[in-house]
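The values are calculated or read from the model by the stated rules, or taken from the named source; none is laboratory data. Keep in mind that this is a model prediction, so the values were computed, not measured. Positions of Cβ are backbone-derived with ideal geometry, glycine not excepted, and every protein chain shown enters the neighbour counts. The accessibility values were calculated without ligands, DNA or RNA, using every heavy atom of the protein model including side chains. Shrake-Rupley method; radii C 1.70, N 1.55, O 1.52, S 1.80 Å.
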Amino acid sequence: MDKMIIHMENIYKSFYVGTPNELEILHGLSFDVPEGQFLSVVGQSGSGKSTLMNLIGALDRPTGGSYVLDGLDVAKTEDKTLSEIRNKKIGFVFQTFNLISRTSALKNVELPMMYAGVSQKERTERAKAMLDMVDMSDRLKHMPNELSGGQKQRVAIARAMINNPAIILADEPTGALDTKTGRMVMDLFHKLHNEQGKTIILITHNPELAAETERIITLADGYITSDEAVVKS
Amino acid sequence: MNLIENIAVAFNGIKSNKMRSFLTMLGIIIGISAVILITTLGTMIQNTFTGTIDDLGVTNLVQVMLQSKPNSTREQMWMNQSDLISDTMIERMKERFGDEIESVWVTTSAGRGTINNDVNNDDDFAVSLTGQTTEGLEAGLTDLLEGRLISDEDNAKMRYVINIPSDLAETMFGSSRAALGQVVTVNINQGWQASTNIMDFTVVGVYEYEAGMMSGLFSRTYECDIPIATARRLTGGDPNEGYYQYFNLIGAQGVSVSELSADIVEFFNNGFYKNNDAYQVTTYTMEDDLATINSALSLVGFILGMIAGVSLLVGGIGVMNIMLVSVTERTREIGVRKALGAPNTAIRFQFIVESVILCTIGGIIGVILGVILAIATGEIMMLVLADQLGGITLRSNPSAGAIAISVGFSMAIGVFFGYYPANKAAKLDPIDALRYE
């Protein structure tokens, strides 16, 4: 049996808890993600997709239920431990890249290692190797505003990968890119998945991209309406 | 977390917002330079005061003087000769204290009057005549330029010889050297009742006139020295035994002046003055004087420093304001950093470092500016007040201590006023921060 990287059981998420405006967004979701799966979460705006992503990414805690990420119970930890989980277990890739401005590609990739307490020497070595893997080794000293969208996203993926996280959590990673560069980014994810066996969770509203993955979870109004494996033709 | 990394990030931020950073620093720059200027000028004035007194070599000077007893039983408080301190008592004191006393300096005023030069009899100069002993003159504050001091022999023979200051010699005879051997006529018209009012003295020595700090403010009275025995004879006293309301002594090197003066008070008051119904001896030292001057100057400096401190406070508030703006501007960056795993402490530390760097740069510029201003002000004061100062140099040394404290204090301002914005950044919710547009 495959090792489960994510175990979510009966997850609830409400906002304004205890006030008259209490609003329940997720109504008891349950699913497991085995190690090495490339999975996509799709759904319309307002389906609870972003809320689920925040929970998976340990940016927030569920109101109820249990969430175990790579053997760690995320549901009931304090802020400091959550930071550590985000640092070591999760690699974020955002739609708008979110590189730190006025900071070189190299330094951006080094950042998660800095928070992990890795020495400067090792940081530089590992960051260079990682940028080489995403084919950005000739842009080490470039600032984000000197890079194209596709280049920025490749730096962001390198940054997400640098602490060897349990999962890559990509939120609409191609949403701000044209078709061609979007294709390049998707190819990169496939490469990471196929060659390194990374667990990748792709949040998207694009059915074509979702169809490239191994499994699609569809959300609507805070419920999982379908969860099925993609049959490769 | 990495300090060097954070410092580099902070410098980056400052560089990318040069104008804004400079304007923010300006408050700190003005505050720190004001503090440096005020403390340096304050120390300069203080050093000049104490330095002047140190130069005169009189820090171990003790003045011994008579004072009326608080519960005197005598009906009339006039002083009799038997109340005064006599040469005999002073000799006994010297025997008792031996090496602790370097020298004793007694004087007798022979009154005030005018002096002129028989050769060209057109000007009278104000003069005060003081009877001196050789020991007193040698211990004293004057440097002989030409000729000789009043000697023991002059005293023994009650000669009419005189030591005059160099500026009087130059005015009357053209030079100090030319004054030697000249005869001057003195007319005593104030002070002790002189038995003879007008008499001639032969100039045997010229001493160097040193301007005091305030001497330019007053019209000059030339202080001339004559043998103490001659002075006693002029004032109708006993030529062989002197009687004094006060005398000075100089403690030996290394002797505590305050302990010595306490011992001397006890020596006189338990001995010669034990049974005196009206008078006792008290002492006064330059140390007391210095302490008073110093505490007054320190108080003034402290108040001015407080005023300068207010400008630092205003500067600090400016820093806090701009840090709050910076936190708001970089909300998204803070969100990203949190998503990448930055703990709250790292975010807080990053912004505090930035605030401290901003304040420290401001502080260093402020110190440099303050030192330049202080030196310039010192020079200008020397130029403008040259006459009043009479050749005294103002020593403007910005103290290393003040500089270190100022830079340290500006760093502290950075921490203090940076903490609130930094804490605000640290406590941002990562989801809200990531969504911030």
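Report yes if residue A:162 is facing another protein chain (nearest Cβ under 10 Å) and crowded, with 22+ Cβ neighbours inside 10 Å, otherwise no.
Working: facing another protein chain (nearest Cβ under 10 Å): yes; crowded, with 22+ Cβ neighbours inside 10 Å: yes.
Yes: the conditions hold for residue A:162.
Any residue in region A:46-73 that is of a type in the set (Asp, Glu) sitting within a Cβ distance under 8 Å of a residue that is open to solvent by 40 Å² or more (accessible area, probe 1.4 Å)? List the pairs, counting only those 6 or more apart or interchain.
These pairs meet every condition: A:70/A:89.
Quick one: which residue in A:109, A:134, A:118 is under 26 Å from residue B:349 (Cβ atoms) and either open to solvent by 60 Å² or more (accessible area, probe 1.4 Å) or more than 10 Å from chain B (Cβ to nearest Cβ) (or both)? So that I can check it myself, show each step before the final result.
Values: A:134 fails: under 26 Å from residue B:349 (Cβ atoms); A:118 fails: either open to solvent by 60 Å² or more (accessible area, probe 1.4 Å) or more than 10 Å from chain B (Cβ to nearest Cβ) (or both).
Checking each option against the conditions leaves just A:109.
Of the numbered conditions (1) surrounded by fewer than 23 Cβ atoms within 10 Å (Cβ to Cβ); (2) of a type in the set (Val, Ile, Thr); (3) under 20 Å from the mean Cα position of the chain (by Cα); (4) away from chain B (no Cβ under 11 Å), residue A:63 satisfies every one except a single condition; which is it?
Going through the list (1) surrounded by fewer than 23 Cβ atoms within 10 Å (Cβ to Cβ); (2) of a type in the set (Val, Ile, Thr); (3) under 20 Å from the mean Cα position of the chain (by Cα); (4) away from chain B (no Cβ under 11 Å), residue A:63 breaks only (3).
Please go through region B:82-119 and pick out each residue that is closer than 21 Å to residue B:260 by Cα and among the basic types (Lys, Arg).
B:92, B:94, B:96
Residue by residue through region B:314-347, note down the ones that are more than 14 Å from chain A (Cβ to nearest Cβ) and of a type in the set (A, V, I, L, M).
As a first pass, look at region B:314-347 and keep what is more than 14 Å from chain A (Cβ to nearest Cβ): B:314-325, B:327-328.
B:314, B:317, B:319, B:320, B:322, B:323, B:324, B:325, B:327, listed by residue number.
Of all residues in region B:93-108, which are part of a helix (DSSP H, G or I) and either open to solvent by less than 30 Å² (accessible area, probe 1.4 Å) or without any contact (Cβ under 8 Å) to a residue 12 or more places away in the chain (or both)?
So in region B:93-108, the residues part of a helix (DSSP H, G or I) come out as B:93-100.
Matches in region B:93-108: B:93, B:94, B:95, B:97, B:98.
What's the number of the condition residue A:53 fails, among (1) open to solvent by 10 Å² or more (accessible area, probe 1.4 Å); (2) among the hydrophobic types (A, V, I, L, M, F, W, C); (3) away from chain B (no Cβ under 13 Å)?
Among (1) open to solvent by 10 Å² or more (accessible area, probe 1.4 Å); (2) among the hydrophobic types (A, V, I, L, M, F, W, C); (3) away from chain B (no Cβ under 13 Å), the lone unmet condition for residue A:53 is (3).
In region A:89-102, is there at least one residue being out of contact with any helix residue (DSSP H, G or I) (no Cβ under 8 Å at 6 or more places or on another chain) and more than 10 Å from chain B (Cβ to nearest Cβ)?
Yes, region A:89-102 contains a residue that is out of contact with any helix residue (DSSP H, G or I) (no Cβ under 8 Å at 6 or more places or on another chain) and more than 10 Å from chain B (Cβ to nearest Cβ).
Quick one: count up the residues across region A:1-47 that are small (Gly, Ala, Ser), surrounded by fewer than 17 Cβ atoms within 10 Å (Cβ to Cβ) and within 16 Å of the chain's Cα centre (by Cα). Don't jump to the end; show me each part of the working.
Applying the first criterion (small (Gly, Ala, Ser)) to region A:1-47 yields A:14, A:18, A:28, A:30, A:36, A:40, A:43, A:45-47.
This time we only want the ones that are surrounded by fewer than 17 Cβ atoms within 10 Å (Cβ to Cβ), so: A:14, A:18, A:28, A:30, A:36, A:45-46.
Next cut, within 16 Å of the chain's Cα centre (by Cα) only: A:36.
The total comes to 1.
For region B:211-300, give me every one of the strands (runs of 3 or more DSSP E) that falls completely inside it and has 2 or more residues that are β-branched (Val, Ile, Thr) and touching a strand residue (DSSP E or B) at 6+ places or on another chain (Cβ under 8 Å).
On the way: elements: B:222-227, B:246-251, B:279-285.
By residue number, B:279-285.
Among the residues of region A:78-102, what is the count of those that are of a type in the set (Val, Ile, Thr) and open to solvent by 30 Å² or more (accessible area, probe 1.4 Å)?
Residues in region A:78-102 being of a type in the set (Val, Ile, Thr) and open to solvent by 30 Å² or more (accessible area, probe 1.4 Å): 2 in total.
If you go through region B:265-294, how many residues are open to solvent by 50 Å² or more (accessible area, probe 1.4 Å), farther than 26 Å from residue B:83 by Cα and in contact with a helix residue (DSSP H, G or I) (Cβ under 6 Å, 6 or more places away or on another chain)?
Result for region B:265-294: 1.
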